1. Going by a ≥ b ≥ c, the root eigenvalues of the Cα gyration tensor, does the chain fall in the rounded group (a/c under 1.5), the prolate group (a/b larger than b/c) or the oblate group?
2. What angle do you read, to the nearest 10 degrees and between 0 and 90, between the alpha-carbon axis of helix 119-131 and the longest principal axis of the chain?
3. Going by a ≥ b ≥ c, the root eigenvalues of the Cα gyration tensor, does the range 87-167 fall in the rounded group (a/c under 1.5), the prolate group (a/b larger than b/c) or the oblate group?
4. Residue 139 versus residue 48, label points 7 Å from Cα toward the beta carbon: distance in nm?
5. Once both labels are modelled 7 Å past Cα along the beta-carbon direction, what's the residue 159-residue 74 spacing in nm?
6. Angle, helix 105-117 long axis vs. longest principal axis of the chain, Cα atoms, 0 to 90°, nearest 10?
7. Mean separation of Cα pairs under 8 Å and 6+ residues apart, divided by the residue count of the chain: what relative contact order is that in percent?
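Readers should treat all values here as calculations from the given coordinates under stated rules, not as data from a laboratory. For clarity, every value in this text was computed on a predicted model and none was experimentally measured. Cβ atoms come from the backbone with ideal geometry, glycine included; neighbour counts cover every protein chain shown.
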């Protein structure tokens with residue numbers, strides 16, 4: 001559509017490189033410093049859970065976790081993705097946004113991006129936000145999505161939960 005863009009590997013995409021522009025980051029705290037920094041400040045994050053001996057999506061305030069499920073062959077049959085939408089940073093931020101797609105395995109990140117790119121997913125989220133008194137999408141929010149998987153293949157995605165960070 002004629003809009004200039006730049007593609008950077010997640011490990012070399014530093015916070016200063018993103019400041020003052022819109023950004024889509026497909027990463028998690030284990031492989032991206034920016035994702036670790038941003039998700040480290042959020043209500044929902046991805047982290048290793050000692051009890052599950054696996055990575056989970058965790059809500060810091062309630063310690064609620066969304067953990068993947070594995071079949072008898074130990075391959076994932078269900079994982080979770082996390083969409084994080086934040087306002088841009090810096091003086092030139094203006095209408096810029098940062099969207100982070102992360103998840104338990106690449107299937108979770110894929111499911112997060114799939115959910116966010118589907119009109120029916122966003123309409124459903126907007127209806128939930130409307131029921132909570134929001135007239136549109138907040139400036140900062142997170143969405144947890146449940147992803148049906150066949151090991152490394154995304155089979156389906158559905159809404160699981162959301163948290164509003166800022167109006």
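1. Numbers: a/c = 1.57, a/b = 1.31, b/c = 1.20.
Prolate shape, in that a/c is at least 1.5 and a/b is the bigger ratio.
2. Approximately 80 degrees, to the nearest 10.
3. Details: a/c = 2.57, a/b = 1.45, b/c = 1.77.
Oblate is the answer for the range 87-167, as a/c is 1.5 or above yet b/c matches or exceeds a/b.
4. Between residue 139 and residue 48, the simple spin-label model gives 3.6 nm.
5. That separation, rounded to one decimal, is 3.7 nm.
6. 50 degrees
7. Details: 341 pairs, mean separation 33.9, N = 167.
Relative contact order for the chain comes out at 20 percent.
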